[in-house]
Every structure is written in C-alpha cells, then in structure tokens.
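One structure below.
The values are calculated or read from the model by the stated rules, or taken from the named source; none is laboratory data. Note that the structure is predicted; figures quoted are calculated from it, not measured. A quick note on method: Cβ atoms are made from the backbone with ideal geometry, for glycine too, and the neighbour counts reach across all protein chains shown. These area figures cover heavy atoms from the full protein model, side chains too; ligands, DNA and RNA do not enter into them. Shrake-Rupley method; radii C 1.70, N 1.55, O 1.52, S 1.80 Å.
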Amino acid sequence: MSKNLLKDPFFPFLLRDGTEKVLPLSAIANAEVVDFALPRADFQGAAYQLAIGVLQTVLAPEDRADWHDLYEEAPSKAELQAAFDEAAHAFNVTGDGALFMQDLDPLAESKPTTVAGLLIEAPGANGLKLNTDHFIKRGIGSVMSLEMAVLALFTLQINAPAGGVGHRVGLRGGGPLTTLILPTAEDATLWQKLWFNVINLDVWSYDQPDLHSATVFPWLAPTKLSNKKGTEIYASDVHPLHMFWAMPRRMRLMVNETADTCQISGLLAEQTVIEYRTQNYGGNYSGSWRHPLTPYKHDPKKPEEDNLSAKGQPGGLTYKIWDALTLTDNSEGQNCALVIEHFYQVVNGFESLLGELPRLWVFGFDMDNMKARGWYSVSMPLFAIPAAQQANVLRPIKVLQSLASNALWHCRTQIKAAWFEKPSDAKGDTSFIDLEFWQRSEAAFYTAVQQLINQQPNAREILDAEFANPWLNALRNTCINLFDQYALSAGLGDQRSMAKRIHARRALMGWLFGGKDIKAFISNHKISTIKKEVA
C-alpha cells in the first residue's frame with residue numbers, strides 16, 4: 001500500500017496545549033495547530049516551504065480580497081483535503097509509479113549509499129576516505145524513518161549545493177536564503193503563518209497549472225538528463241510553480257518494511273530508510289529565475305546577465321543586509337522576494353485585521369561549495385512601506401549601513417592594534433567582534449529606519465537631525481564599549497602594552513568624533529557639534 005504525503009499522517013505538529021502529534025498536512029486548517037515540530041531546523045524550514053508550495057499550487061487566492069478572506073478564516077479540513085486531492089497523485093512517497101521528488105527511473109544500476117548523505121552537513125565520500133570529518137561526524141542519521149528521509153530528500157533538493165561532476169545545483173543555487181513572513185501574535189495559528197506566504201494571482205499571475213504535467217512536478221516524467229550541451233532548463237521551459245518543486249538531483253529512497261529507531265527523531269518507525277541510490281546529470285537549471293521566497297540581485301547596467309539569489313555568508317544575517325531582504329529598487333539591482341512584495345500590497349488598508357505588523361523570518365545554509373559552514377535562522381522587523389516609497393527610503397538606509405560598516409572596521413582595526421605589535425600580521429578569527437557590533441547596534445538601526453518611514457509623507461530622503469544624532473551616538477557607544485571590553489579589560493599587561501592600548505583607543509576616538517565619514521554624516525544631517533569625549 002502506497003503512502004501519500006498529502007493524505008496520510010506524515011508531519012509532526014505542535015498543538016496549542018504544548019503537545020506534539022503526527023497528523024496529515026490538512027491539519028494546518030485546525031486552529032489548535034500552531035506550528036510544525038520537526039527535530040532539525042533545516043527540516044522545519046523545508047516543511048514550511050513544502051506546505052506553502054502546496055497551498056500556492058492548489059489553492060492560490062484570486063485577488064487581495066480572496067487572500068484576506070482565507071487569512072481571516074481557514075477552510076475546513078474537508079475543503080482543504082479536497083484541494084490537496086487534486087495534486088495527491090504527485091505526492092506518493094512509496095508504491096508504484098512516480099514518487100515525490102524522486103527520479104522516475106528506479107536507478108537500479110546505481111550503487112546504494114548511506115541515507116545520511118541526504119543531510120547537507122554530512123561529510124562527503126572524500127571526507128570519509130581522508131578521515132577529515134572531525135567536527136561533523138560520520139554516521140549521523142544513518143537510519144531514518146520514511147518521513148524524515150523524505151524531508152531530508154526535499155531539503156537537499158531545494159538547497160542542493162555543488163556535489164561533484166554532474167550532481168546539479170538547486171534552482172536557487174547552493175544554500176539560498178529563504179524569507180518568510182510570520183505574524184507576531186502569540187496565538188497565531190500555523191494556517192496564518194503559512195497563508196501569509198501564499199501570493200494572490202493579481203500579484204503573481206500565471207496560467208492554470210496542469211497538475212499532471214512534469215512542467216509543474218518534474219518527477220512525473222523521465223528526467224531531462226544534462227550530460228550534453230543544450231539540455232539546460234530555463235524559466236520559459238516550465239510552469240512558474242515548478243520553482244517550488246525543482247529537482248536537480250536524481251535520487252531514489254530504498255524503503256525497508258523493518259521497524260527501527262530513527263536517528264533523526266529518536267522515535268520508533270515502522271518504515272525506515274538506510275540507503276538510497278543516486279545518479280548524476282539531473283535537472284540543470286540555468287538562466288535567470290525568481291523564486292517567490294528568495295531575494296535576488298542583478299547588475300542594473302548589465303541586464304543581459306543572470307540575476308543571483310541571496311546566499312548565507314560567514315558572519316551571519318544582520319541588519320547590514322536587511323534592505324536587500326525587504327526592499328526592491330531596480331536602479332540598485334536588488335529585488336526582495338516576491339512574497340515580501342505581496343505583503344506590501346495586501347497589508348495596505350488591512351492593518352486592523354493583521355494587528356501588529358508581522359516579522360521577517362530569514363533562514364538558510366552558509367555553504368562553501370559543497371561544504372556547509374553553518375545554518376542561520378533569524379527574525380527581523382518588517383515595515384509597511386508602499387512600493388512607490390521604497391527607493392526614497394533605500395538610499396538613506398544605505399547611508400546608515402555604510403556608516404555602521406565603516407565604524408565596525410575602525411573598531412576592529414584598533415582592537416587588533418591594541419592586541420598586536422603589527423596588526424597587519426594578526427591572524428585568527430575575529431568575527432565575534434563583528435557579530436557583537438551588529439547585535440548591539442541593531443535596535444538603534446531599526447529605530448532610525450522607522451523614523452525614515454515616518455518622514456516619507458513629507459518627502460524627506462534624509463534622516464532628521466533629531467534621529468540621526470541618536471544613531472551616530474549609538475555607533476560611537478557600541479565601538480567604545482567593544483574596544484574597552486576586548487582591549488582594556490584583558491589584563492593590564494606591562495607599561496608598554498598599556499601605552500599601546502591607550503594609543504589605539506585615541507585613534508578610534510579620533511575617527512569616531514573627527515573622521516571624514518563622521519564629519520560628512522554630521523554635515524549632511526545638520527547635527528549640532530558634539531564635544532569629543534576625553535580619552
């Protein structure tokens with residue numbers, strides 16, 4: 001008997017009373033269901049994307065009013081299941097015929113490999129051979145329940161990094177950032193969290209999908225092999241909904257009807273997966289795409305070049321990239337995710353329904369080719385900025401970010417000068433300084449952004465002095481406190497050492513109160529002269 005992802009109990013959910021229960025996906029219509037309850041952060045993010053993709057595929061709202069009606073009142077479980085049934089044939093995970101996110105060919109001639117290889121952070125074959133898996137150990141997830149294996153498979157397909165010759169990268173590139181909108185109300189249902197990210201057809205217009213076509217679900221037909229030139233897949237070749245279901249990797253799970261403990265969930269499973277088969281030269285996604293849940297950038301001076309999806313980077317996700325995640329300005333070559341643009345349109349006039357403005361959830365892997373350096377997941381503020389005003393807000397926001405970046409550089413440089421005889425020779429990771437700087441100054445940044453937005457009705461594209469001054473002071477105080485913490489509180493040392501530290505502090509103070517960038521910011525924002533602190 002086949003198991004189906006849209007019909008059978010498959011996902012662990014968190015209920016309002018704090019308990020967890022495995023239920024069918026249609027349980028998202030239940031007001032008592034408040035979240036997924038997956039054991040891994042990347043699986044949690046993947047479950048959101050899967051559910052959003054299903055809703056967009058079978059229940060896309062016609063317009064703004066339709067979207068708000070369904071946000072306010074979810075469909076009944078029966079109504080939602082009826083919609084799911086239209087696509088259920090594409091979501092079998094066991095049985096004969098097409099299987100969800102798996103190659104139509106059983107790949108019988110491919111050598112089985114451990115199911116742990118589906119986990120993006122798992123060491124590759126070369127790492128196992130050379131015994132270099134010091135921090136991410138081999139054997140993690142070597143036994144998975146069918147449910148966890150399917151989620152691991154989906155997570156890999158949507159995040160697929162470079163994987164060796166012919167093992168294709170995901171449609172959004174390896175390790176793309178995903179941006180979702182979440183309501184801030186504590187009693188928000190999972191339905192509301194998901195529906196916030198479903199886009200109405202007035203904003204994202206496309207032809208009615210053929211749910212029996214590989215242009216939507218690529219596993220319904222033989223894989224378009226990419227072992228020759230001219231086999232690339234472009235956006236014009238498929239339906240726009242294909243972006244939710246892109247399948248760059250050729251894989252088949254080997255399901256056992258043998259009970260065992262899943263090493264991902266820790267629970268006993270009746271159906272388990274220990275191995276899977278894989279083959280190279282799967283779907284080769286090329287050209288420009290715009291996945292609705294991911295921000296992109298492009299060179300406005302070179303429109304012929306492909307756009308690039310936002311990726312996780314060392315140092316984490318901070319307000320230095322907040323504008324790229326939330327605002328669109330083609331003249332600057334940046335586009336926030338379509339789901340964020342949709343939010344700006346539907347929120348206008350419905351603030352009473354939405355209550356407190358929702359927040360942005362940003363997550364994704366930081367990849368170094370096929371190696372996962374880390375996983376990031378952060379929450380950031382969202383503001384209701386009409387599309388027509390975003391360019392006016394973007395320019396002064398970049399001024400704030402630029403000044404912050406310069407302040408951090410001077411702070412870090414002088415901390416190194418206090419630590420080392422030759423700061424240019426300093427080695428080692430100092431990213432903790434950067435992370436603390438961004439974290440300590442972010443509240444002041446978002447306060448300044450809110451003030452910029454409040455000024456927009458008056459068409460002022462520069463932050464008023466009464467708000468620019470607190471921002472400048474916040475940067476100064478953050479730099480001074482970080483320097484004192486890391487350069488002055490690390491033991492007194494000898495007289496020469498202390499003299500060097502004092503010299504470095506004076507250099508930092510000199511820039512904070514008299515540097516070229518600081519003077520320009522003071523002049524442009526008409527800030528009254530402030531007395532320099534005595535070092």
With respect to the numbered conditions (1) in contact (Cβ under 8 Å) with a residue 40 or more places away in the chain; (2) surrounded by fewer than 17 Cβ atoms within 10 Å (Cβ to Cβ), which one is the sole condition not fulfilled by LEU5?
(2)
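For region 232-251, which residues satisfy the criterion of being open to solvent by less than 40 Å² (accessible area, probe 1.4 Å) and farther than 18 Å from GLY164 by Cβ? First the steps, then the outcome.
Quick first cut of region 232-251, residues open to solvent by less than 40 Å² (accessible area, probe 1.4 Å) only: 233, 238-239, 241-251.
Matches in region 232-251: ILE233, VAL238, HIS239, LEU241, HIS242, MET243, PHE244, TRP245, ALA246.
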Identify all residues within region 404-449 that are more than 17 Å from LEU488 (Cβ to Cβ), touching a residue at least 60 places away in the same chain (Cβ under 8 Å) and of a type in the set (A, V, I, L, M, F, W, C); write none if there are none.
ALA404, ALA407, LEU408, LEU435, TRP438, PHE445, VAL449
Can you tell me how many residues within region 78-103 are open to solvent by 60 Å² or more (accessible area, probe 1.4 Å), assigned to a loop (DSSP other than H, G, I, E, B) and of a type in the set (A, V, I, L, M)?
0
Given (1) more than 28 Å from the chain's Cα centre (by Cα); (2) under 30 Å from GLU257 (Cβ atoms); (3) not acidic (Asp, Glu), ALA82 misses just (2)
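Conditions (1) farther than 24 Å from LEU70 by Cβ; (2) surrounded by fewer than 19 Cβ atoms within 10 Å (Cβ to Cβ); (3) touching a helix residue (DSSP H, G or I) at 6+ places or on another chain (Cβ under 7 Å), marked per residue:
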position: LEU357; (1), (2), (3): no, yes, no
position: PHE365; (1), (2), (3): yes, no, yes
position: TRP375; (1), (2), (3): yes, yes, yes
position: ALA387; (1), (2), (3): no, yes, yes
position: GLN390; (1), (2), (3): yes, no, no
Of all residues in region 22-77, count the ones that are touching a helix residue (DSSP H, G or I) at 6+ places or on another chain (Cβ under 9 Å), within 20 Å of ASP202 (Cα to Cα) and part of a helix (DSSP H, G or I).
14
Residue that is out of contact with any His (no Cβ under 7 Å at 6 or more places or on another chain), closer than 19 Å to GLN44 by Cα and modelled with pLDDT of 90 or more, where the choices are ALA152, ALA122, ALA108:
ALA152
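Could you please find all residues in region 283-306 being open to solvent by 40 Å² or more (accessible area, probe 1.4 Å), touching a residue at least 24 places away in the same chain (Cβ under 8 Å) and not basic (Lys, Arg)?
First, the residues of region 283-306 that are open to solvent by 40 Å² or more (accessible area, probe 1.4 Å): 288, 290, 297-306.
Checking which are touching a residue at least 24 places away in the same chain (Cβ under 8 Å) leaves us with 288, 290, 297-300.
Correct list: SER288, HIS298, ASP299, PRO300.
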Name the residue, out of LEU151, LEU182, that is within 26 Å of VAL58 (Cβ to Cβ), of a type outside the set (D, E, K, R), in contact with a Phe, Trp or Tyr (Cβ under 6 Å, 6 or more places away or on another chain) and open to solvent by 30 Å² or more (accessible area, probe 1.4 Å).
LEU182
Take the residues in region 307-324 that are open to solvent by 40 Å² or more (accessible area, probe 1.4 Å) and outside any loop (DSSP other than H, G, I, E, B), then tell me which one is nearest to GLN401 (Cα to Cα).
LYS320
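Which members of region 239-276 meet the condition of being assigned to a loop (DSSP other than H, G, I, E, B), among the aliphatic types (A, V, I, L, M), out of contact with any Gly (no Cβ under 7 Å at 6 or more places or on another chain) and in contact (Cβ under 8 Å) with a residue 24 or more places away in the chain? I'd like the intermediate steps shown before the answer.
Of region 239-276, the ones assigned to a loop (DSSP other than H, G, I, E, B) are 239, 245-249, 257-259, 262-267, 270-271.
Narrowing further to those that are among the aliphatic types (A, V, I, L, M): 246-247, 259, 264, 267.
From the residues that got through so far, the ones that are out of contact with any Gly (no Cβ under 7 Å at 6 or more places or on another chain) too are 259, 267.
Within region 239-276, LEU267 is the sole residue that qualifies.
Mind listing whichever residues of region 200-222 are polar (S, T, N, Q) and open to solvent by 30 Å² or more (accessible area, probe 1.4 Å)?
Looking only at region 200-222, we keep the residues that are polar (S, T, N, Q), and these are 200, 205, 208, 213, 215.
Result: SER205, GLN208, THR215.
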Restricting to region 1-45, and then to whatever is closer than 21 Å to MET101 by Cβ and polar (S, T, N, Q), can you tell me which residue is nearest to the chain's Cα centre (by Cα)?
GLN44
Would it be correct to say that TRP419 is of a type outside the set (Asp, Glu), open to solvent by 70 Å² or more (accessible area, probe 1.4 Å) and out of contact with any Leu (no Cβ under 7 Å at 6 or more places or on another chain)?
yes
Counting only residues that are under 26 Å from the mean Cα position of the chain (by Cα) and among the hydrophobic types (A, V, I, L, M, F, W, C), which one in region 392-408 is most open to solvent (accessible area, probe 1.4 Å)?
VAL399
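Out of region 7-21, which residues are outside any strand (DSSP E or B), out of contact with any Leu (no Cβ under 6 Å at 6 or more places or on another chain) and of a type outside the set (Ser, Thr, Tyr)? Outline the logic, then answer.
Keep residues of region 7-21 that are outside any strand (DSSP E or B), which gives 7-10, 16-19.
Imposing the further condition that a residue be out of contact with any Leu (no Cβ under 6 Å at 6 or more places or on another chain) reduces the set to 7-8, 10, 16-19.
Passing the criteria: LYS7, ASP8, PHE10, ARG16, ASP17, GLY18.
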List the number of the failed condition for ILE462; all other conditions in (1) in contact with a Pro (Cβ under 7 Å, 6 or more places away or on another chain); (2) open to solvent by less than 10 Å² (accessible area, probe 1.4 Å) hold.
(2)
